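Trainee: Okay, here's the structure, questions in a sec.
The values are calculated or read from the model by the stated rules, or taken from the named source; none is laboratory data. Model, not experiment: these values are computed from the prediction. All Cβ positions, even for glycine, are placed from backbone atoms using ideal geometry, and neighbour counts span all protein chains on display. Surface areas here come from the heavy atoms of the whole protein model, side chains and all, with no ligands, DNA or RNA. Shrake-Rupley method; radii C 1.70, N 1.55, O 1.52, S 1.80 Å.
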Amino acid sequence: MSIWNKKEIVTENEYLKEDINVDVIIIGAGITGMTTAYYLKDYKSICVVDSGNIGHGVTLNTTAKINYFQERVYTKIANITSENKAVEYLNSQRYAIENLKNIIETEKIDCDFKQVPSFVFANTKSEVEPLKKEIEFLRKNNIDVIEKDLPSKITSYKSYCVSDTYTFNPIKYLQGIYNILKEKNIYLYENTRIFKVEKSDDEYICYSSKYHINAKKVVFACQYPFFISPFLLPLKSYIEKSYIIVSKVKKNGGFTCISSSSPTYSCRFYEDEGKIYQISLAESHNTAFKQNDSYHFKRVKEIFKLHDEDIIMSYSNTDIITTDHMPYIGKLKENMYIGSGYNTWGMTNGILASKVISDMILNKDNEYKDSFIPNRINLSNFIKLPLIVFSEAKSYIGPKIEKNKYWYSDNLKFIKKGGKSLAVYRDEKGTEHIVYNKCPHFGCSLLFNEKEKTWDCPCHSSRFDIDGRCIKGPSNYDISYKK
């Protein structure tokens, strides 16, 4: 459950019922996949498939900021690559915002799209000088940044503000895009999981559980692709988890804010049916090193001084953090494209990916077609490789060595049966839920999120419900135990 799906997207809820042939298949129906389909709506034949429902992946759990003022990302990029690359990334984010704005205005999509000021603030004294360098970079590139006190008691240190940023409701946006695509008779398949993609002559065969889709071009618009080779994403990124609490407030602050360094503190406001909500996010961390979900939800409450009676929902989200802080967008190999690694800024980078990829398919020129190529290699790949490998190893080995974490309740136990590792959770009604304690994607042992009642993979963020059904990839399989 998220603040955005208080009202579900109204769809025909179709799933793949036969073999079909299309020119383009888009795998993933979140912000990237659906917007790519929008840009390709007049191009030959296309289809969008999703393992779940439209917009129910990472897009559902976003804080939905449309923002180029992103912590201290530009000085980080400049230090790792070059200042020119940082400028290019800044321009790409502003380009993405304009593209989203154009879609919403042209199609008259009612999605609570609003211009709001955005703040980045120092959370400690040591963060002040690095933040000043970020502001210098932005001002040098003609961004009007002003020093201004954050209208909140989150910090007593420096904060800076820009005015040309936005917020919206991503599910309402996707509803608008869905309606446009249906009018164009574009294939939209929910609850259709693609397990395998094979090259055959001049096309790709994409296999679901019963049927397949033949396509000349494939777009991977899922957060984490289910394949390892040739992309090798595990060696170029790590998973960051964040915790979100939505609470009722009396006044709309009318701004968004985020801390300049990790651990991230972030909030925004949202009005719906006469009620005002604050969306608070904190405790972002590499999943290899911190795994006590209940503790992190508690910390969000403490940081933002939230009261239990005001809280309406809590949920977590994961992001792919790349070694150079820039997304992977573009051609993976011949007629295969990908948008991934959005570094917590999925709304702008999802729109950027959809425009770049669709322009490549349409043979249109795009100034960013070579900016964020998926197979790029730079110094950061080598500098950060030891950390990435260590994170992968710790995520993989840690839960295997110590399955029964000290913070788990007595309702959870681990057993061996038929040579297989099983986990058993007894719920409040006394019902036992039994699952295999291994992620089918890469064999990592799973962690139990007792707050959300899910099994979470610390390696690549696959997720399973309390009965083992896969609700988020890259895993393509369930972990349900059949007696």
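The rows are residues; the columns are (1) in contact with a Lys or Arg (Cβ under 6 Å, 6 or more places away or on another chain); (2) over 20 Å from PHE372 (Cβ atoms).
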residue: CYS47; (1), (2): no, yes
residue: SER51; (1), (2): yes, yes
residue: HIS56; (1), (2): no, yes
residue: ALA78; (1), (2): no, no
residue: GLU83; (1), (2): no, no
residue: TYR89; (1), (2): no, no
residue: SER92; (1), (2): no, no
residue: LYS108; (1), (2): no, yes
residue: CYS111; (1), (2): yes, yes
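Trainee: A further question on this structure: Among residues belonging to the stretch 179-193 that are in a loop (DSSP other than H, G, I, E, B) and either of a type outside the set (A, V, I, L, M) or under 15 Å from LYS17 (Cβ atoms) (or both), point out the one that is most open to solvent (accessible area, probe 1.4 Å).
Mentor: First, pick out the residues of the stretch 179-193 that are in a loop (DSSP other than H, G, I, E, B): 184-186, 190-193.
This time we only want the ones that are either of a type outside the set (A, V, I, L, M) or under 15 Å from LYS17 (Cβ atoms) (or both), so: 184-185, 190-193.
Values: LYS184: 95, ASN185: 127, GLU190: 8, ASN191: 84, THR192: 8, ARG193: 41 Å².
It comes out as ASN185.
Trainee: Quickly run through the stretch 371-387 and pick out the residues that are outside any helix (DSSP H, G or I) and within 22 Å of the chain's Cα centre (by Cα). Steps first, please.
Mentor: Here is the first cut: in the stretch 371-387, the ones outside any helix (DSSP H, G or I) are 371-378, 384.
The answer is SER371, PHE372, ILE373, PRO374, ASN375, ARG376, LYS384.
Trainee: Go through the stretch 62-85 and count every residue that is surrounded by 24 or more Cβ atoms within 10 Å (Cβ to Cβ) and not in a loop (DSSP other than H, G, I, E, B).
Mentor: 3
Trainee: Follow-up question, since we're still on this one. ILE258 - would you say it is open to solvent by less than 20 Å² (accessible area, probe 1.4 Å), closer than 23 Å to PHE121 by Cβ, touching a helix residue (DSSP H, G or I) at 6+ places or on another chain (Cβ under 7 Å) and not charged (D, E, K, R)? So that I can check it myself, show each step before the final result.
Mentor: Numbers: open to solvent by less than 20 Å² (accessible area, probe 1.4 Å): yes; closer than 23 Å to PHE121 by Cβ: yes; touching a helix residue (DSSP H, G or I) at 6+ places or on another chain (Cβ under 7 Å): no; not charged (D, E, K, R): yes.
Judged against the criteria, ILE258 is not a match.
Trainee: Hey, another quick one. What are the residues in the stretch 9-58 that are hydroxyl-bearing (Ser, Thr, Tyr), under 18 Å from PHE226 (Cα atoms) and open to solvent by 10 Å² or more (accessible area, probe 1.4 Å), if any?
Mentor: Of the stretch 9-58, the ones hydroxyl-bearing (Ser, Thr, Tyr) are 11, 15, 32, 35-36, 38-39, 43, 45, 51.
Those still in the list that are under 18 Å from PHE226 (Cα atoms) too: 32, 51.
If the condition is that a residue be hydroxyl-bearing (Ser, Thr, Tyr), under 18 Å from PHE226 (Cα atoms) and open to solvent by 10 Å² or more (accessible area, probe 1.4 Å), then SER51 is the only one that fits.
Trainee: Something else now. Tally up the residues in the stretch 264-304 that are charged (D, E, K, R) and either under 30 Å from ALA393 (Cβ atoms) or open to solvent by less than 10 Å² (accessible area, probe 1.4 Å) (or both), please. Give the steps one after another, and end with the answer.
Mentor: We begin by selecting, within the stretch 264-304, every residue charged (D, E, K, R); these are 268, 271-273, 275, 283, 290, 293, 298-299, 301-302.
This time we only want the ones that are either under 30 Å from ALA393 (Cβ atoms) or open to solvent by less than 10 Å² (accessible area, probe 1.4 Å) (or both), so: 268, 283, 290, 293, 298-299.
Of the residues in that region, 6 qualify.
Trainee: Just the residues that are among the acidic types (Asp, Glu) and part of a strand (DSSP E or B), please, taken from the stretch 309-328. Spell out how you get there, then give the answer.
Mentor: Of the stretch 309-328, the ones among the acidic types (Asp, Glu) are 309-310, 319, 324.
Result: ASP319, single match.
Trainee: Filter the stretch 462-473 for residues that are of a type outside the set (Phe, Trp, Tyr) and either open to solvent by 10 Å² or more (accessible area, probe 1.4 Å) or in a strand (DSSP E or B) (or both) and give the result. Before the answer, list the steps.
Mentor: Initial filter on the stretch 462-473 (of a type outside the set (Phe, Trp, Tyr)): 462-463, 465-473.
Residues satisfying the conditions are ARG463, ASP465, ILE466, ASP467, ARG469, CYS470, ILE471, LYS472, GLY473.
Trainee: Would you call LYS217 basic (Lys, Arg), more than 20 Å from THR344 (Cβ to Cβ) and at pLDDT 95 or above? Can you show your working first?
Mentor: Details: basic (Lys, Arg): yes; more than 20 Å from THR344 (Cβ to Cβ): yes; at pLDDT 95 or above: yes.
The answer is yes for LYS217.
Trainee: Just give me the residues in the stretch 43-60 being under 19 Å from PRO170 (Cβ atoms) and out of contact with any helix residue (DSSP H, G or I) (no Cβ under 8 Å at 6 or more places or on another chain), in sequence order. Explain how you work it out, then say what you get.
Mentor: Within the stretch 43-60, the subset under 19 Å from PRO170 (Cβ atoms) is 48, 50-60.
Answer for the stretch 43-60, where residues must be under 19 Å from PRO170 (Cβ atoms) and out of contact with any helix residue (DSSP H, G or I) (no Cβ under 8 Å at 6 or more places or on another chain): SER51, GLY52, ASN53, GLY57.
Trainee: When the stretch 282-307 is examined, which residues are found to be closer than 22 Å to LYS248 by Cβ, in a strand (DSSP E or B) and of a type outside the set (A, V, I, L, M)?
Mentor: Of everything in the stretch 282-307, just one residue is closer than 22 Å to LYS248 by Cβ, in a strand (DSSP E or B) and of a type outside the set (A, V, I, L, M), namely GLU283.
Trainee: For residues that are open to solvent by 10 Å² or more (accessible area, probe 1.4 Å) and either of a type in the set (D, E, K, R) or part of a loop (DSSP other than H, G, I, E, B) (or both), tally how many sit in the stretch 434-456.
Mentor: 10
Trainee: Of all residues in the stretch 117-163 being in contact with a helix residue (DSSP H, G or I) (Cβ under 6 Å, 6 or more places away or on another chain), in a helix (DSSP H, G or I) and charged (D, E, K, R), which is least open to solvent (accessible area, probe 1.4 Å)?
Mentor: That would be GLU134.
Trainee: Follow-up question, since we're still on this one. Any residue at all in the stretch 390-405 that's under 22 Å from the mean Cα position of the chain (by Cα), open to solvent by 20 Å² or more (accessible area, probe 1.4 Å) and touching a residue at least 60 places away in the same chain (Cβ under 8 Å)?
Mentor: Start the filter on the stretch 390-405 by keeping residues that are under 22 Å from the mean Cα position of the chain (by Cα), which leaves 391-392, 395-396.
Filter once more, so that each one left must be open to solvent by 20 Å² or more (accessible area, probe 1.4 Å): 392, 396.
Remaining after also requiring touching a residue at least 60 places away in the same chain (Cβ under 8 Å): 392, 396.
Taking every residue of the stretch 390-405 in turn, at least one turns out to be under 22 Å from the mean Cα position of the chain (by Cα), open to solvent by 20 Å² or more (accessible area, probe 1.4 Å) and touching a residue at least 60 places away in the same chain (Cβ under 8 Å).
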